[in-house]
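Working notes, structure below.
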Amino acid sequence: MKIAIISDTHDNLANTKKAADFIKKENIRTVIHCGDIFKPETVEEILEAFKGKIYIIFSPADASFSGIPQDSFKEFKRVKIFEEFGEIKISGKKIAFCHFPEIAEDLAKKKKYYLVFYGHTHKPWLEKIGKTKMINPGNLAGIFYKATFAVYDDKTDKLELKILERLK
């Protein structure tokens, strides 16, 4: 199964649509969004493109900052919201995700997760803490760095960084 990991969309709908179209074309069934998503329209853009599940970090601080009520995403049946961090299990591998690198580092140090995804810095990054891979997919908004996201294939254990401007 392939998972798309995105972060820091900052409601850039054009970039979100382009990434969502790629996700659909690749038949990806799970999207993890590591935070800094504000408007429900951004989630709708992703949901229109594919029929899978979306896991989102959206905290009370996000709601306060964006002015979007915290329950704005509850209407979407295929969306699960987490505040500080989320966790899922795919093919026997525990995966955690959050927005802030400090939280990601704490999660990785627990030695409980195979992968930990995070955002916030907008910079694509991969490092290991013990046996845990800690990954930042960059930012989909294209702020400070090129617009990027990641795709993880659990069958091959391969992680790829996708640079949005290079997608066809």
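No lab work stands behind these numbers, since they all come straight from the coordinates. Every value quoted in this text rests on a predicted model; they were computed, and no experiment measured them. Cβ: placed from backbone, ideal geometry, glycine included. Neighbour counts: every protein chain shown.
Can you give the extra length, in nm with one decimal, that the chain gains between Lys158 and Phe144 once fully stretched, where that is 0.36 nm per residue apart less the Cα-Cα distance? Write out the running numbers ahead of the final one.
Values: separation 14, 0.36 × 14 = 5.04 nm, distance 2.63 nm.
Gain on extension, Lys158 to Phe144, equals 2.4 nm.
Report the extension gain between Lys94 and Asp21 in nm, rounded to one decimal, defined as 0.36 nm multiplied by the number of residues separating them, less their alpha carbon distance.
23.6 nm is the gain from fully extending Lys94 to Asp21.
Placing unit charges on C-beta atoms (Lys and Arg positive, Asp and Glu negative, everything else neutral), compute the dipole magnitude of the chain about its Cα centre in debye, rounded to 20.
The dipole magnitude comes to about 940 debye.
How large are Rg and Dmax for region 6-45 when calculated on the C-alpha trace, in angstrom?
9.6, 26
Using +1 at the C-beta of Lys and Arg and -1 at the C-beta of Asp and Glu, which of Tyr55, Leu161, Thr16 has the Cα lying farthest in the positive direction of the dipole of the chain?
Ranked along the dipole, the leading option is Leu161.
Just to confirm my numbers, what's the Cα centroid distance between region 1-41 and region 71-130 in Å?
Each part's Cα centre sits 15 Å from the other's.
Just flag the trypsin sites (Lys or Arg not before Pro) in region 104-162 sitting in loop per DSSP whose Cβ has no more than 11 other Cβ atoms within 10 Å.
On the way: sites: Lys109, Lys110, Lys111, Lys112, Lys128, Lys131, Lys133, Lys146, Lys155, Lys158, Lys162; in loops: Lys110, Lys111, Lys112, Lys131, Lys146, Lys155.
Within region 104-162, the qualifying trypsin sites (Lys or Arg not before Pro) (loop, at most 11 other Cβ atoms within 10 Å) are Lys111, Lys131, Lys155.
Relative contact order for the chain: what is it in percent, counting Cα pairs under 8 Å that are at least 6 residues apart?
Relative contact order here is 23 percent.
Between His120, His33, His99, find the one with the highest GNM mean-square fluctuation for the chain; connect C-alpha pairs within less than 10 Å.
Looking only at His120, His33, His99, the biggest GNM fluctuation is shown by His120.
Which percent, nearest 5, of DSSP beta bridges in the chain are antiparallel?
For the chain, the DSSP antiparallel bridge percentage is about 50.
Report the per residue volume, in Å³, of the convex hull enclosing the C-alpha atoms of the chain. Numbers along the way, then the final one.
Details: hull volume 17.2 nm³, N = 168.
Hull volume normalised by residue count: 102 Å³.
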